[in-house]
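For reference, the structure discussed in these notes is given below.
Derivation of every value follows stated rules applied to the coordinates shown; laboratory data play no part. Computed from a prediction, not measured in an experiment: that's the story for all the values here. Reconstructed Cβ throughout: ideal geometry from the backbone, glycine too, with neighbour counts over all protein chains shown.
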Amino acid sequence: MKLKIGIICYPTVGGSGVIATELGKLLAERGHEIHFISSSIPFRLKKLYPNIFYHQVEINQYSVFHYPPYDIQLASKIAEVVHREKLHIVHAHYAIPHAICALLARQMADYDFKIVTTLHGTDITVLGQDPSLKSAIQYGIEKSDAVTAVSKALVCETQKLITSRKYIHVVYNFVDERIYMNKTSQYLKENFRIDDNEKVIIHVSNFRPVKRVKDVIYTFAKIRDEIPAKLLLVGDGPEMAKIEKIVDQLQLNESVIFLGKQDNLVELYSISDILLLLSEKESFGLVALEAMACGTPVIGTNIGGIPEVIEHGKTGYVCELGNIEQIAKSVIKLLQDQQLYEKFSNESINRAINRFSSEQIVRYYEDIYYQILEMD
Ligand code: GMT
């Protein structure tokens, strides 16, 4: 039986929004009817699908209220859509606020539907540290009909945070293999004035302090002492001014290319030799998987879900958080051994396609939906 599924996510650039949107697209390709409910159209929803619908949540600013009542408006919208469209499932990406809004909508709507909540990390690793939100997170998880998390590490963190016996399925993230593949574009290298003898290091993030972009810069400075190289910095965020200053102090201006927020990353990964992901919190690290699918090995930190994505010594290296010396050595070792590098690059593609196959992962979500609806 084909299902009617509501998807609640943050529509802006960010791993959870990307996964929610890609999941909706793949479920639609499998014949399900998808209803996105969010404050703006998810940025990855570019193509028109006859069975994907979008319902906008109005965020109104009322002069009597200090803050716009987003959560209440979202809950009302979910209740309205569920009732009108007769949805079977609402899939909330984030326990807070989305699972709570879905639960409130279930109370409001005169219609029964099941709730699946996916934990992406920030809801547990950041919001979970705030004692005033802990009981709301616990409530959102316990009252959902099924809960998933994007890595085993995130399941452990969640279990440490809340005292719940709720079973949490590990459902890894995925990429669309039809898009994420190596598409080497020589013209891009020429445009960026990258010489043939130069290696390319890339970092992609939202430049929040947890991403430790300064470690990326210090690592790159060490790499460049040994090997001719350029660093592509993709993204923007609160740490940007600090990073620009460090690049300036280390006199790396000629070697660091600031690209800002970019939508189409495939060609950037494809011209890169290594992706650096040196975060201090990372429940999965979707950019690592994207890079691997394009044949770019990843050097990451031994944090959260990163070691579940990178296979240490096979598709990249997992290094100690903040150990710039060790990280730089690992990169240099790989870049100086062409045979080893090619092996890592091929293994990265194999792992991305086989271990994180989109078809397998979408089927896993589908099985969860059928299970809670008690259907086959
Ligand atoms: O990394 C971020 O700051 C964005 C955040 C989000 O909510 O979109 O990403 C989280 O979810 C992604 C998709 O599941 C994961 O790949 C990221 O590792 C996770 N970020 C953190 O845990 C910090």
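Worth pointing out:
- Inverse of mean 1/r across different Cα pairs in the stretch 186-354, Kirkwood, Å: 15.6 Å
- At 1.567 mPa s and 4 °C, Stokes diffusion of the stretch 7-50 via Kirkwood alpha-carbon radius, µm² per second: 125 µm²/s
- Long pairs among Lys47/Lys314; Lys46/Lys166; Lys77/Lys143, criterion Cα-Cα beyond 27 Å: Lys47/Lys314; Lys46/Lys166
- Gln338/Glu267 FRET efficiency (R0 30 Å; Cβ-Cβ; nearest 0.05): 0.85
- Projection of the Cα convex hull of the stretch 270-331, averaged over all directions and equal to a quarter of that hull's surface, yields 3.6 nm².
- Residue with peak Gaussian network fluctuation, the chain [Cα springs, cutoff 10 Å], from Ile349, Ile274, Ile243: Ile243
- Over all directions, the projected convex hull of the C-alpha atoms in the stretch 93-218 averages 11.9 nm² in area.
- Values of log10 I(q)/I(0), in the order q = 0.11, 0.16, 0.18, 0.19 Å⁻¹, for the stretch 267-376 under a Debye, Cα-only, solvent-free model: -0.38, -0.69, -0.83, -0.90
- Computed over the stretch 255-296, the convex hull of the alpha-carbon atoms projects to a mean area of 3.6 nm².
- Neighbour-count ranking [beta-carbon atoms within 10 angstrom, fewest first] of Asp112, Asp215: Asp112, Asp215
- Descending semi-axes in Å of the chain, equivalent ellipsoid built from Cα gyration tensor: 38, 22, 20
- Rg over Rh, two decimals, the stretch 1-116 (C-alpha only, Kirkwood Rh): 0.96
- Residues of type lysines that Lys245 reaches as a straight line, Cα spacing below 23 Å, ignoring anything fewer than 8 places off in the same chain: Lys211, Lys214, Lys222, Lys230, Lys261
- Only one residue of Val57, Gly260, Ala28 has its Cα farthest out toward the positive end of the dipole of the chain, where Lys and Arg carry +1 and Asp and Glu -1 on Cβ, and that residue is Val57.
- Excluding same-chain neighbours fewer than eight residues apart, the aspartates and glutamates reachable from Lys329 by a Cα-Cα span under 16 Å are Asp215, Asp225, Glu226, Asp273, Glu320, Asp337.
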